[in-house]
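Have a look at the structure below, then the notes.
The values are calculated or read from the model by the stated rules, or taken from the named source; none is laboratory data. Note that the structure is a prediction, hence the values are computed from the model and not measured. Every residue, glycine among them, receives a Cβ derived from its backbone with ideal geometry; neighbour counts consider all protein chains shown.
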Amino acid sequence: MLEVKNVDKYYNTFHALKDISFNVPKGSVTVIIGPSGAGKSTILRCINRLEVFNSGFIKIGNKKIIPGKMRYNDLKEIRTRVGYVAQSYNLFPHLIVIENIILAPKLVLHQKVKAARDNAMQFLEKVGLADKADSKPENLSGGEQQRVAIARTLAMNPEIVLFDEVTSALDPELISEVLNVMTSLAQEGMTMIVVTHEMGFARSVATDVIFMEQGSIVEKGSVADVLVNPKEARTIQFLSKVL
Amino acid sequence: MGYVIRFGVIVENIQELLKGITITLELTLVAIVLSTLTGIIIAFISMNGNRVVKAIINGYVEIMRNIPLLVLLYFIYFGLGEISINFGSFSSIILALVLCNGAYLEEIIRAGIESVHKTQSEAGLALGLHNYQVFFRIVMPQALINVFPPIINQYIIILLSTSFASLVALDELTSTVSRLSAFSFRTFEFYIIGAVVYLVFAVIIVFVTNRIKKILRHEKITKQKEAT
Amino acid sequence: MTYDSILFILKAGLMTIEVSALAFVAGLFLATFTAYLSMTKIKVLNLIAWVYIQLMRGTPLLMQMFFIFFSLPILGIRLSIFASALVALTANTGAFMAEIIRASIQSIKKGQWDAAESLGLSRMQIIIKVILPQAIRIAIPPTIGYITSLIKNSSVASTIGLVEATRAGRLAIERTGQGLLTLFLVGVLYFIICFPISKLSKSIEKKVY
């Protein structure tokens with residue numbers, strides 16, 4: 001359902017993404033691993049067009065993302081289909097939790113307040129935070145904030161959700177609560193692309209793995225192909241350091 | 001409009017302009033140095049004083065924050081004369097500038113030190129350093145770095161405030177400019193020069209202060225290196 | 001110190017408040033526009049905003065007022081005392097508040113823009129619903145500080161003849177001959193006006209948030 005083809009990106013003269021191509025079938029969980037600076041976050045941010053790439057294209061269903069300017073209406077279409085959760089959760093501090101979640105459904109999907117609220121409460125329950133609906137973001141722990149961020153993204157009913165190192169900024173004991181939410185989401189059949197260092201999660205939940213280094217895809221395939229029987233030397237090297 | 005800019009007028013009156021510029025420069029330098037000293041001393045007294053001392057200093061700062069410099073200046077120059085305290089033009093403007101900006105600088109300096117103080121002091125003491133070592137080698141360098149931008153800002157305010165000297169009969173740049181432009185009916189030229197001079201002085205202040213900051217940082221860093 | 005004089009000064013105090021308030025409101029519009037200019041991608045507009053701000057912040061208010069009141073007539077623009085003072089103070093406000101506005105908006109983490117964009121909100125929606133509410137709260141303390149500064153700066157208008165608190169004080173001295181007391185009272189008047197405003201800062205912050 002998602003196709004990335006020959007994507008190249010430059011930051012001025014720095015070649016950040018080199019000819020990236022991969023496919024994401026519906027219902028799959030693709031985990032992207034690799035050292036820092038590999039371009040993992042960059043390609044993710046290209047998929048929801050937070051970043052602009054220089055050549056190639058990305059197709060989501062029948063919608064295409066191209067280099068160069070895109071109109072807001074097209075962008076809106078893409079962003080309602082592609083959910084994105086970042087490392088720094090970025091809840092809106094001036095709104096309470098439930099308001100954070102219903103803001104976009106109201107403004108972008110034009111949902112009525114009551115419907116949006118009911119929807120939001122559903123997702124809050126799903127991430128286990130129904131009791132925090134009226135809390136301020138600053139009063140929640142990191143793990144709780146991240147789960148609210150996930151609920152906020154899910155409330156828009158995306159077809160695919162991108163997770164950008166969402167547990168990297170969390171205290172260790174808070175990581176599992178977020179990973180649990182992601183695991184149950186995967187089990188429900190949500191298409192996900194996850195950039196992470198959590199190898200345990202990758203091994204147990206992922207269907208596909210992509211290993212990136214210095215802007216290129218070194219190896220990609222199923223979990224068995226990449227994590228258990230890696231073929232490239234660099235993949236083996238990286239995995240030996242993290243597993 | 002029929003107004004043609006002729007900078008020849010500037011050249012004709014260059015002597016007067018230079019006089020005005022010199023006075024502005026003098027006032028600015030003296031005021032900056034004295035205000036800074038005042039600020040440092042009062043900050044020190046405030047941080048090491050008891051509650052009464054702190055309250056008095058707070059009161060002084062609040063007064064300086066809430067009354068205009070102009071009123072303070074008139075009070076010193078015109079008002080004090082009635083109880084036989086006669087300050088001349090130069091002393092009045094300097095006194096007013098120092099009283100007012102000294103308070104602002106004290107707040108800036110004190111805030112800078114206090115913002116670094118607690119956690120850094122704990123870290124230093126935990127490592128076994130002595131009290132005053134902690135202050136000079138750890139707290140002060142960091143405080144100075146935090147504190148320089150608002151200080152530079154305040155110095156520029158001092159520079160611009162010297163214009164009030166014209167109201168107590170000192171012929172500094174602003175009054176010179178307005179006088180010359182009135183006499184010769186050439187407004188743009190003189191005001192442009194005036195603006196340029198102030199802006200150049202501001203740039204110089206920023207530059208010099210940044211230099212001092214670099215020198216101090218370097219000194220502290222080498223001292224720290226020597227200590228280890 | 002006659003009753004009349006005190007009344008005179010108090011009434012002039014109203015002028016102080018009036019000219020400051022008008023300058024602030026007018027200046028706020030100018031500031032919003034200037035802040036917008038300084039943040040667009042068009043470099044020329046950025047430059048215009050920058051030059052304006054540097055001019056206002058880098059030259060004495062006194063010189064600005066002298067220019068507007070004494071020199072502009074030579075070019076054919078004759079403004080009244082009140083208008084001159086208002087123009088000068090408005091121009092001043094425009095520049096300083098523009099910087100406050102710009103700094104407040106730019107202090108909001110990029111992540112907020114990202115998160116809102118990712119959810120599909122349009123640029124306008126993001127600015128109004130996510131960025132501005134946060135920026136306004138951040139801007140309150142420096143704005144209150146500026147208002148105090150503005151009220152004090154209005155005293156400079158006394159030099160071009162505006163009858164506000166400071167000028168009234170000097171006029172009263174001529175009548176009563178009691179400089180010390182009069183100026184002291186003028187100082188107290190400014191204090192009474194300014195002091196509560198700075199204390200107001202805390203309670204306004206709570207309400208808006």
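Looking only at strands (runs of 3 or more DSSP E) that fall completely inside region A:148-225, which ones have 2 or more residues that are touching a Gly at 6+ places or on another chain (Cβ under 7 Å)? Lay out the reasoning, then the answer.
Values: elements: A:160-164, A:191-195, A:208-213, A:216-222.
Here the list reads A:160-164, A:208-213.
Looking only at residues in region B:181-201 that are more than 7 Å from chain C (Cβ to nearest Cβ) and modelled with pLDDT of 85 or more, which one is nearest to B:Glu26 (Cα to Cα)? Before the answer, list the steps.
Narrowing region B:181-201 to residues more than 7 Å from chain C (Cβ to nearest Cβ): B:183-184, B:186, B:188-190, B:192-193, B:196-197, B:200-201.
Checking the rest, the ones that are also modelled with pLDDT of 85 or more come to B:190, B:192-193, B:196-197, B:200-201.
On the way: B:Phe190: 21, B:Ile192: 21, B:Ile193: 19, B:Val196: 18, B:Val197: 14, B:Val200: 15, B:Phe201: 12 Å.
It comes out as B:Phe201.
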Residue list for region B:43-68, filter: farther than 15 Å from B:Leu95 by Cβ and among the aliphatic types (A, V, I, L, M): B:Ala43, B:Ile45, B:Met47, B:Val52, B:Val53, B:Ala55, B:Ile56, B:Ile57, B:Val61
Region C:139-164, residues that are under 17 Å from C:Leu200 (Cβ atoms) and more than 10 Å from chain B (Cβ to nearest Cβ): C:Ala139, C:Ile140, C:Pro141, C:Pro142, C:Thr143, C:Ile144, C:Tyr146, C:Ile147, C:Leu150
Residue satisfying condition, being away from every other protein chain (no Cβ under 13 Å), closer than 27 Å to B:Phe190 by Cβ and hydrophobic (A, V, I, L, M, F, W, C), within set C:Leu30, C:Leu55: C:Leu30
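If I filter region A:109-118 down to residues being aliphatic (A, V, I, L, M) and part of a helix (DSSP H, G or I), which single residue comes out as farthest from the other protein chains (Cβ to nearest Cβ)?
Filtering region A:109-118 for residues aliphatic (A, V, I, L, M) gives A:109, A:113, A:115-116.
Next, only the ones that are part of a helix (DSSP H, G or I) stay: A:113, A:115-116.
Numbers: A:Val113: 14, A:Ala115: 17, A:Ala116: 13 Å.
Of everything passing the filter in region A:109-118, A:Ala115 is farthest from the other protein chains (Cβ to nearest Cβ).
Look at region A:12-27 and say how many of its residues are of a type in the set (S, T, N, Q) and either in contact with a helix residue (DSSP H, G or I) (Cβ under 8 Å, 6 or more places away or on another chain) or part of a loop (DSSP other than H, G, I, E, B) (or both).
Final tally of qualifying residues: 2.
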Where C:Ile192 falls short, out of the listed (1) under 12 Å from C:Gly13 (Cβ atoms); (2) part of a helix (DSSP H, G or I); (3) touching a residue at least 24 places away in the same chain (Cβ under 8 Å): (3)
Which numbered condition A:Asp134 fails, given (1) in contact (Cβ under 8 Å) with a residue 12 or more places away in the chain; (2) in contact with a helix residue (DSSP H, G or I) (Cβ under 6 Å, 6 or more places away or on another chain): (2)
Residue tally, condition closer than 16 Å to A:Ile193 by Cα and touching a Lys or Arg at 6+ places or on another chain (Cβ under 7 Å), over region A:13-48: 7
Subset of region B:51-72 that is farther than 17 Å from C:Cys194 by Cβ and either in contact with a Ser or Thr (Cβ under 8 Å, 6 or more places away or on another chain) or not in a helix (DSSP H, G or I) (or both) - its residue that is farthest from the other protein chains (Cβ to nearest Cβ): B:Val53
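Of everything in region B:157-177 that's out of contact with any Ser or Thr (no Cβ under 8 Å at 6 or more places or on another chain) and buried (at least 22 other Cβ atoms within 10 Å of the Cβ), which residue is farthest from B:Glu12 (Cα to Cα)? Even if it seems obvious, please write down each step before you answer.
To start, the set of residues in region B:157-177 that are out of contact with any Ser or Thr (no Cβ under 8 Å at 6 or more places or on another chain) comprises B:157, B:161, B:164, B:171, B:176-177.
After this cut, where a residue has to be buried (at least 22 other Cβ atoms within 10 Å of the Cβ) as well, the list is B:161, B:164, B:176-177.
Numbers: B:Ser161: 27, B:Phe164: 26, B:Thr176: 14, B:Val177: 13 Å.
Of everything passing the filter in region B:157-177, B:Ser161 is farthest from B:Glu12 (Cα to Cα).
Out of everything in region B:73-95 that is polar (S, T, N, Q) and touching a helix residue (DSSP H, G or I) at 6+ places or on another chain (Cβ under 6 Å), what residue ends up being nearest to the other protein chains (Cβ to nearest Cβ)? Let's see the steps before the verdict.
Step one: of region B:73-95, the residues polar (S, T, N, Q) are B:84, B:86, B:89, B:91-92.
Applying the additional criterion that residues be touching a helix residue (DSSP H, G or I) at 6+ places or on another chain (Cβ under 6 Å) yields B:89, B:92.
Values: B:Ser89: 16, B:Ser92: 13 Å.
Residue satisfying both the conditions and the ranking: B:Ser92.
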Listing of helices (runs of 4 or more DSSP H) fully contained in region C:106-180 that carry 2 or more residues being in contact (Cβ under 8 Å) with a residue 40 or more places away in the chain: C:132-153, C:165-176
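Sort out which residues of region A:28-86 are part of a strand (DSSP E or B), closer than 25 Å to A:Ser168 by Cα and not small (Gly, Ala, Ser), and write them in order of number.
Here is the first cut: in region A:28-86, the ones part of a strand (DSSP E or B) are A:29-33, A:55-60, A:63-65, A:82-85.
Now drop any that are not closer than 25 Å to A:Ser168 by Cα, which leaves A:29-33, A:82-85.
Of everything in region A:28-86, those that are part of a strand (DSSP E or B), closer than 25 Å to A:Ser168 by Cα and not small (Gly, Ala, Ser) turn out to be A:Val29, A:Thr30, A:Val31, A:Ile32, A:Ile33, A:Val82, A:Tyr84, A:Val85.
Do you know which of the residues in region A:134-145 that are within 12 Å of chain C (Cβ to nearest Cβ) and not in a loop (DSSP other than H, G, I, E, B) is surrounded by the fewest Cβ atoms within 10 Å (Cβ to Cβ)?
Within region A:134-145, the subset within 12 Å of chain C (Cβ to nearest Cβ) is A:136-138, A:145.
Applying the additional criterion that residues be not in a loop (DSSP other than H, G, I, E, B) yields A:137-138, A:145.
Details: A:Pro137: 20, A:Glu138: 8, A:Gln145: 25.
My answer is A:Glu138.
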All positions within region A:96-108 that are at the interface with chain C (Cβ under 8 Å from one of its Cβ atoms) and either in contact with a helix residue (DSSP H, G or I) (Cβ under 7 Å, 6 or more places away or on another chain) or part of a strand (DSSP E or B) (or both): A:Leu103, A:Leu107, A:Val108
